[in-house]
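The values are calculated or read from the model by the stated rules, or taken from the named source; none is laboratory data. Keep in mind that this is a model prediction, so the values were computed, not measured. Here Cβ is always computed from backbone atoms with ideal geometry, including for glycine, and neighbour counts include all displayed protein chains. Quick note on the areas: whole protein, heavy atoms, side chains included, nothing else; ligands and nucleic acids left out. Shrake-Rupley method; radii C 1.70, N 1.55, O 1.52, S 1.80 Å.
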Amino acid sequence: IAVVAWFVYQGYLETRVNSPLTENKVAFPSSHDFPERYWGSFRPGVYFGMKSRDTHSLLAGLMWFMPDISAAGSLNLRHLCDQGDNLEQYGWKEHDGRNFGVQVIIDKFIQLETSFVTKLGGNHGGDWTARIQVEPRMKELKGQQVTLFFYLTLDDNGKGLLQPIRMIDNMDTSGMEANESVKFLGLSAVHGHTEKLGDFRVSFHHANQQSIVHTAFLSTTVASPHLVKDTLQSGLRLMEDKRSKERHISLAGTLFAKEDNLKQPNLVVHQVTGKLPLQLEIVYESNSFAERGTMLRGEVYDALLQTYREQFRIQFENKFRLNEKGFSEEEQDFAKSAMSNLIGGIGYFYGSSKVQSVHNKEPVPYWNAPLYTAVPSRSFFPRGFLWDEGFHNLIISQWDREISFDIMAHWFDLMNVEGWIPREQILGSEARARVPDEFVVQRNNQGNPPTFFLVLDAMFKNRPVRDIRTLELEQLNRMWPRLVSWYNWFNTSLHGSEPGTYYWRGRDTASARELNPKSLSSGLDDYPRASHSTTNERHLDLRCWITLAAKVMASIADIIGREGRKYHETFVFLSNNELLNAQHWSEKAKRYADYGLHSSNVTLRRPKSIVGQPKPEKIRWVSEEPTPRFVDDTFGYVSLFPLIIEILQPDSPQLGQLLQDLRNPNLLWTKYGLRSLSKTSPLYNKRNTEHDPPYWRGPIWINVNYLVARALHHYSVVEGPHQTRALLLYNELRENLISNVLREYRKTGYIWEQYNDANGAGQGCRPFTGWSTLILLLMSETYV
Ligand code: 6A9
């Protein structure tokens with residue numbers, strides 16, 4: 001019996017990692033509950049695409065190239081946002097997350113404006129129209145040719161019908177001689193049907209017929225949406241127009257593999273090649289939308305777009321007051337585009353992560369689920385990251401609280417029975433295709449800072465209960481059991497050896513190559529911790545995150561009338577400055593620090609080569625035995641967390657010391673913001689392995705800088721002996737951050753993942769309109 005019980009228990013343990021929490025789901029079950037946000041630019045990873053919030057949506061997308069300019073052998077066909085394309089700039093200039101968006105893309109010789117407007121009506125999510133306007137960037141390029149492809153396909157083998165309607169069907173063909181020339185005509189429309197959308201019709205319209213040189217189409221099958229570009233490219237031919245004798249790179253028409261006897265396309269593409277300037281309008285109409293009146297294109301489209309743009313500008317000023325604060329037009333435009341690209345980068349994903357616990361031999365799939373989320377970077381990581389999303393929603397919740405609630409609801413619904421949420425969400429084949437294998441599996445001992453507590457705090461702090469809308473109270477109530485589980489996961493599974501201590505799991509204790517084993521789950525990746533990972537570590541940042549979590553849990557419990565004493569007590573316990581100091585203050589170094597088995601003398605060295613063998617890789621070399629101690633040779637972002645989370649008493653002498661150190665240029669202070677690791681720390685700017693450059697070991701990150709500025713603002717307002725110093729630091733830090741990010745934007749056209757601490761240059765990936773967009777809240781001084 002004991003043996004059987006053991007097996008049953010093992011089986012049970014294996015299934016826990018991918019069993020959903022049984023509490024009610026928080027996200028509304030049907031996307032039709034949010035009709036205004038049913039269709040949108042929910043494919044952040046392509047330059048322009050439309051998608052509905054369905055599990056197997058109809059996908060629409062754009063590709064382009066310049067036939068006369070593209071090099072032999074490569075069309076330089078644009079599709080996925082890709083740093084390698086080296087575009088001068090691209091991103092949403094205005095986007096309200098509901099009704100419309102306007103994006104500008106600058107690609108060497110041309111400028112594309114991609115815009116869309118959605119319109120409610122009928123019972124299948126309404127209509128939308130998209131417009132692609134291409135302009136030459138120099139006069140001399142007028143008349144040059146550009147080719148646009150606009151495609152429709154079905155996400156991840158969704159079921160549905162796509163039926164191409166060719167121009168010839170609506171056209172007077174009397175003047176045409178050969179069938180051949182007819183063969184190359186493009187599409188006038190696509191008629192289609194899916195379960196969720198019902199019957200629909202997508203039509204294509206060209207503004208200026210004279211500028212059209214060639215149109216064509218492709219109707220074929222594609223195995224998966226991430227193969228759309230390859231499939232399209234293999235459907236291209238060099239074709240001669242019988243009448244004009246001109247040769248065009250053209251889609252080949254209907255193409256089916258021999259064995260495909262159903263001949264049912266799931267990829268349909270319209271091509272137009274025309275002289276600059278060129279305009280294409282794509283009009284999606286739901287058949288259930290009976291009384292729409294005039295088609296949403298041309299001047300009707302202009303008018304509606306204009307109305308939305310005006311509303312957007314008014315709302316933006318109402319919410320952020322940048323004009324009132326004296327920012328120039330150009331600076332306001334920068335801020336608008338930053339926020340718009342964050343909001344325009346919101347995606348809707350569906351699929352399952354790969355997860356693993358210590359009880360599973362192999363990774364197992366999570367359950368299939370949707371995720372409505374913003375993304376850190378449309379080019380490099382167009383997918384959801386847990387702690388990034390909290391920062392994103394500090395901004396989004398200022399713009400549209402409903403969107404933030406909806407995003408948080410989706411994330412909380414991804415919680416398993418243990419209360420864990422996977423950190424990086426790679427859902428669906430389009431997302432999966434962009435991630436190397438070694439990064440795919442998510443492990444259930446690895447969390448990520450619970451930054452949604454920052455969002456909930458910002459949304460409800462200082463709001464008397466009577467001012468909170470009933471719908472929001474209802475949503476908080478629905479979220480509550482999930483918040484409880486999430487909180488418990490952090491508080492129990494990451495605890496340390498003594499009450500009040502915590503440490504991030506997942507550092508590789510066996511690693512011989514890493515200078516300092518990473519803690520990816522902290523979000524600060526290679527930020528130096530104790531040199532020797534043990535179960536006696538104490539991670540200061542984590543302790544502070546949990547302090548925040550306890551505080552916010554107590555206040556939400558208060559708002560919705562739940563029992564919150566436990567959280568309040570934990571908060572009081574953890575925010576006791578004496579206990580904090582006993583566990584994390586190094587009196588010797590006069591700074592807050594992690595604690596653990598640590599040596600200051602660790603380097604990477606190359607072992608002696610053996611004749612005839614390849615050069616061995618550098619390995620870690622410990623030249624001084626580690627001892628249990630504070631990691632107080634290191635000063636950086638982690639040391640700032642008691643300030644960041646505003647745990648320090650206003651009259652704390654430690655706060656005074658910290659503020660003094662903050663302004664020291666040999667430590668963290670630069671003209672461009674606070675660097676992540678002090679110049680005096682042993683691992684400042686050091687590689688973690690031969691192949692792994694420094695990441696959180698020097699560069700300036702905007703998310704942490706925002707939190708520090710927010711805290712300085714806080715300590716400048718509450719009464720205490722350090723008030724004046726805090727105010728001076730706040731003003732200077734804010735000014736430095738804003739001017740540097742703006743300067744780099746003017747210089748490079750982009751907002752960046754991080755900024756160099758020596759010269760302020762943007763670095764890492766771009767555009768990064770994830771947490772770097774917090775510059776907007778620094779401009780508007782929003783620190784609720
Ligand atoms: C690896 C790349 C072609 C690293 O912004 C997202 C995260 C943060 O959450 C984290 O704190 N970034 C920060 O340290 C980026 C992580 C990207 C990992 C993707 C695969 C392949 O792409």
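Given R0 = 35 Å, the distance between the Cβ atoms of Arg401 and Thr15 translates into a calculated FRET efficiency of 0.45.
Take the Cα of Asn261, step 7 Å toward its Cβ, do the same at Val441, and the gap between the two points is 4.4 nm. In this Cβ point-charge picture (+1 for Lys and Arg, -1 for Asp and Glu), region 451-513 has a dipole of about 120 debye about its Cα centre.
Computed from Cα positions, the angle between helix 723-748 and the longest principal axis of the chain comes to roughly 30 degrees.
The residues of region 558-677 present an accessible area of 49 Å² per residue when probed at 1.4 Å with all protein chains retained. The Thr492 and Trp6 beta-carbon pair, evaluated with R₀ = 25 Å, returns a calculated FRET efficiency of approximately 0.55. Each peptide in 188-194, 323-329, 386-392, 585-591 gets a packing score, the mean of other Cβ atoms within 10 Å over its residues, and the list from highest to lowest is 386-392, 188-194, 585-591, 323-329.
Distance between the 7 Å Cα→Cβ label points at Ser244 and Leu727: 7.0 nm.
Evaluating 6.51 cos²θ - 1.76 cosθ + 1.60 at θ = phi - 60° for every residue in region 336-350, the Karplus couplings come out as 4, 5, 4, 5, 5, 6, 5, 6, x, x, 5, x, 10, 10, 9 Hz, glycine and proline recorded as x. Charge tally around Val46: other residues with Cβ under 9 Å, Lys/Arg +1 each, Asp/Glu -1 each, net +1. Region 109-164 to region 601-646: how many Å between their Cα centroids? One Cα centre to the other: 51 Å.
Using only the alpha-carbon atoms, how far is helix 386-399 inclined from the longest principal axis of the chain? Give it as 0 to 90 degrees, nearest 10. Taking Cα atoms only, the helix is inclined about 70 degrees. Within region 251-297, the proportion of C-alpha pairs whose separation exceeds 16 Å stands at 65%.
For the chain, a simple Cβ point-charge model (Lys and Arg +1, Asp and Glu -1, everything else neutral) yields a dipole of about 1220 debye relative to the Cα centre.
Peptide packing: for 94-100, 116-122, 612-618, the average count of neighbouring Cβ atoms within 10 Å per residue gives the ranking 94-100, 116-122, 612-618, highest mean first. The residues of region 1-64 present an accessible area of 44 Å² per residue when probed at 1.4 Å with all protein chains retained.
The Cα atoms of region 337-377 cover 46, 17, 9 Å along the three principal axes, with the biggest extent listed first.
For region 228-282, the convex hull spanned by the alpha carbon atoms encloses 130 Å³ per residue. Model label sites at Ala758 and Asp82, defined 7 Å from Cα along the beta-carbon direction, differ in position by 3.2 nm. Candidates Ser519, Ala290, Phe65 compared by Cα position along the dipole of the chain: farthest toward the positive end lies Ser519, with charges placed on Cβ.
Is it possible to state the helix-based mean residue ellipticity at 222 nm for the chain, with each DSSP H run of 4+ residues giving -39500 (n - 2.57), the sum divided by total residues, to the nearest 500 deg cm²/dmol? What is it? That comes out to -9500 deg cm²/dmol.
At the listed q of 0.05, 0.09 Å⁻¹, the Debye profile of the chain, built from one uniform point per Cα, gives log10 I(q)/I(0) equal to -0.29, -0.90. Fully extending the segment from Val611 to Asn24, taken as 0.36 nm per residue of separation minus the present Cα-Cα distance, adds 204.9 nm. For region 360-475, the solvent-accessible area works out to 32 Å² per residue, with a probe of 1.4 Å and every protein chain left in place.
A Förster distance of 51 Å, applied to the separation of the beta-carbon atoms of Lys679 and Asn157, puts the FRET efficiency at 0.45. Over 17 Å, how big is the tail of the calculated P(r) for region 666-728, in percent of all Cα pairs? Summing the P(r) of region 666-728 above 17 Å gives 52 percent of all pairs. Amide H contacts of Arg591: Ser586, each under 5 Å away and 5 or more positions distant or on a separate chain (H built 1.01 Å from N in the peptide plane; Pro and chain starts excluded). Beyond 25 Å in Cα-Cα separation lie the following of the pairs Lys108/Lys142; Lys518/Lys671; Lys51/Lys108: Lys518/Lys671; Lys51/Lys108.
Entry for region 624-775 at q = 0.08 Å⁻¹: log10 I(q)/I(0) = -0.24, Debye formula applied to identical alpha-carbon scatterers, no solvent contribution.
Here the Karplus curve 6.51 cos²θ - 1.76 cosθ + 1.60, taken at θ = phi - 60°, turns the phi angles of region 570-578 into couplings of 4, 4, 4, 4, 6, 8, 4, 5, 5 Hz, with x standing for Gly and Pro.
In whole percent, and with a 1.4 Å probe on the protein chains, what portion of the accessible area of region 655-784 is carbon and sulfur? The nonpolar share, carbon plus sulfur, comes to 50 percent.
Taking θ as phi - 60° and the Karplus parameters 6.51, -1.76 and 1.60, the scalar couplings of region 529-545 work out to 10, 3, 5, 10, 5, 9, 8, 9, 6, 10, 9, 5, 4, 5, 4, 6, 4 Hz in sequence order, x denoting glycine and proline. Fully extending the segment from Arg743 to Asp508 would add 80.6 nm, taking 0.36 nm per residue of separation and subtracting the current Cα-Cα distance. Among the listed pairs Lys159/Lys242; Lys319/Lys747; Lys139/Lys325, those with a Cα-Cα distance over 32 Å are Lys159/Lys242; Lys139/Lys325.
Solvent-accessible area of region 566-605 (1.4 angstrom probe, protein heavy atoms only): carbon and sulfur portion equals 57 percent. Mean sequence separation of contacting Cα pairs (under 8 Å, at least six apart), scaled by the length of the chain, corresponds to a relative contact order of 11 percent. Each part reduced to its alpha carbon centroid, region 321-365 and region 432-511 end up 17 Å apart. In the context of the full protein assembly, Lys93 retains an accessible surface of approximately 50 Å², using a probe radius of 1.4 Å and ignoring ligands and nucleic acids. Charging the Cβ of each Asp and Glu at -1 and of each Lys and Arg at +1, and nothing else, the dipole of region 204-340 about its Cα centre rounds to 480 debye.
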